[in-house]
2 protein chains.
Amino acid sequence: MTESRAVGTKGMPREEREAQLVVAGTEEFGRAGYSGASMAEIARRVGVTKPLLYQYFGSKDGLYLACLHRAGDRLTEGVATTMAAGGEPDQMPLKVLAAIFTTFDHDRYAWRLLRDTTVPARGDIAAAAADYRRRLDTFALLGATQLLTSRGLADPVDIEAVAQVWTGVVDSLISWWIDRPDEDAAAMTARCARIMGGLFGW
Amino acid sequence: MTESRAVGTKGMPREEREAQLVVAGTEEFGRAGYSGASMAEIARRVGVTKPLLYQYFGSKDGLYLACLHRAGDRLTEGVATTMAAGGEPDQMPLKVLAAIFTTFDHDRYAWRLLRDTTVPARGDIAAAAADYRRRLDTFALLGATQLLTSRGLADPVDIEAVAQVWTGVVDSLISWWIDRPDEDAAAMTARCARIMGGLFGW
DNA sequence: CTGGTAACTTACTCTCGGGTCACTTAACCG
DNA sequence: CGGTTAAGTGACCCGAGAGTAAGTTACCAG
């Protein structure tokens with residue numbers, strides 16, 4: 001009989017519990033943003049209480065940083081690998097999308113942490129998030145430069161704008177995907193390929 | 001000598017002060033989101049105190065609704081007019097963008113209120129914002145349908161995805177624009193026309 | 001079976017921000 | 001002028017959520 005005890009150890013190792021809390025935190029932070037998310041709610045989702053959360057992560061910022069680093073590291077790594085493989089400029093967007101969809105198929109809120117505008121403007125979180133964004137922007141800028149120059153567009157400000165719009169496109173695709181849990185990474189990739197082919201002739 | 005008095009009337013009519021507060025509120029809500037924005041800060045930006053803000057708008061929700069309605073009404077009206085004028089499907093995106101840029105040239109944060117994810121999930125604000133989004137989504141869906149069917153893409157789910165990505169594109173263009181106050185609406189429109197022409201051959 | 005430690009909780013404190021009360025000053029009208 | 005009203009404030013209340021102190025239970029080594 002596994003009746004859940006109200007008090008005392010429940011026998012779950014710290015490492016495993018921490019992983020649960022990071023997953024729940026990522027979803028809450030991704031859904032409501034840093035300022036809108038509640039530590040008590042995150043603990044409740046996992047079935048524990050706030051003090052344990054604080055014992056393991058120290059503070060709201062500590063938990064957020066743990067979530068952010070997990071998301072940011074996986075994301076930058078995946079994109080870096082894809083970009084390093086090279087290929088035709090107009091094939092890169094789809095390849096990058098495929099990598100992102102595959103990486104985050106079961107963790108769709110993670111991407112949002114990098115783009116959370118409700119984090120405090122100063123501090124560790126802002127610095128870490130800005131760093132991840134800078135790295136991703138570098139890739140986006142590289143891709144945009146290759147794509148636009150291959151089309152005869154050379155204005156560096158245009159390139160910046162395209163790079164930023166690209167991250168926004170990823171953002172909306174992921175938001176749309178979050179609302180459709182039945183669509184898996186492969187279906188999502190196929191959909192994007194079909195649309196880009198039809199709309200842009202890529 | 002116009003020394004600012006600490007107490008007593010400063011001689012500004014209610015209507016004018018309300019307008020100032022709505023402008024300041026729109027910027028703060030747009031920047032930090034509903035949950036991240038502070039009423040005291042909004043009052044401070046205008047040079048008054050919280051009680052006056054509450055006397056005029058009743059609550060945080062009241063102020064937010066005032067900002068939201070101003071933004072939403074202007075936006076839906078502008079887009080409706082543009083869409084009603086008709087034209088080639090692949091010319092519509094640029095026309096709509098031009099309308100949005102012109103309408104919100106001096107009020108760039110307004111768009112963000114419609115897409116604020118930090119508002120409480122229930123209540124007047126959520127309902128009003130959902131209603132504006134629904135109206136805009138209808139236009140986006142209409143445009144996406146025309147565009148995709150003209151390219152031989154008929155999957156209704158694809159169309160939904162494209163419509164949502166389109167609103168995300170507008171979102172990122174406006175974010176980019178907010179960071180570049182020197183770029184006016186005409187320059188922004190010209191940039192988009194150039195990029196779309198180069199990238200998609202539209 | 002016993003002592004130590006890791007996994008937890010109950011029941012707090014404290015700060016910040018939404019919201020309010022009672023009051024003060026200026027403008028306007030007769 | 002004097003009285004009314006609109007514009008405005010300082011100082012407060014209160015609830016929610018971040019963060020904490022001290023205790024409870026289970027597991028494990030000897």
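Just so it is clear, none of the values below were taken in a lab; they were calculated from the coordinates. Keep in mind that this is a model prediction, so the values were computed, not measured. Ideal geometry is used to build each Cβ from the backbone, glycine not excepted, and the neighbour counts take in all protein chains shown.
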Could you give the C-alpha radius of gyration of segment B:95-202 expressed as a fraction of 2.2 N^0.38 Å, taking N as the number of residues it contains? 1.17
Among A:THR81, A:SER172, A:ILE195, the residue whose Cα sits farthest towards the positive end of the charge dipole of chain A, when +1 is placed on the Cβ of each Lys and Arg and -1 on the Cβ of each Asp and Glu, is A:SER172
So what does log10 I(q)/I(0) come out to for segment A:83-123 at q = 0.14, 0.19 Å⁻¹, using the Debye formula with one equal point on every Cα and no solvent? -0.49, -0.71
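Equivalent ellipsoid semi-axes for the protein assembly as shown, as square roots of 5 times the alpha carbon gyration tensor eigenvalues: give them largest first, rounded to whole Å. Don't skip to the end; give the middle numbers.
On the way: eigenvalues 231, 221, 78 Å².
Ellipsoid half-lengths, sorted descending, are 34, 33, 20 Å.
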Would you tell me the mean number of C-beta atoms belonging to other protein chains that fall within 10 Å of each C-beta in A:31-44, as a whole number? 3
Rough spin-label spacing in nm, given labels placed 7 Å along Cα→Cβ, for A:ALA130 and A:GLU41: 2.8 nm
Anyone know which of A:GLY30, A:GLY143, A:GLY86 comes out most mobile in the 10 Å Cα GNM of chain A? A:GLY86
Can you list the lysines whose alpha carbon is less than 19 Å from that of A:LYS10, not counting same-chain residues fewer than 8 positions off? A:LYS50
For helix B:124-149, what angle does its Cα long axis make with the longest principal axis of chain B, in degrees from 0 to 90 and rounded to 10? 20 degrees
Expressed in whole Å with the largest first, what are the equivalent ellipsoid semi-axes of segment A:19-142 derived from the C-alpha gyration tensor as the square root of 5 times each eigenvalue? 30, 15, 11
Give the nm distances, rounded to one decimal, from B:ALA85 to the matching residue in every other copy, measuring between label points 7 Å along Cα toward the beta carbon; shortest first. 4.4
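At a Förster radius of 30 Å, what calculated FRET efficiency corresponds to the Cβ-Cβ distance of A:THR81 and B:ASP105, to the nearest 0.05? Provide the component values of the computation, followed by the final result.
Values: r = 42 Å, r/R0 = 1.39.
Using R0 = 30 Å, I get an efficiency of 0.10.
In whole percent, what relative contact order does chain B give with Cα contacts below 8 Å and a gap of six or more residues? Kindly include the intermediate steps, with their values, before the conclusion.
Working: 169 pairs, mean separation 44.8, N = 202.
That works out to 22 percent.
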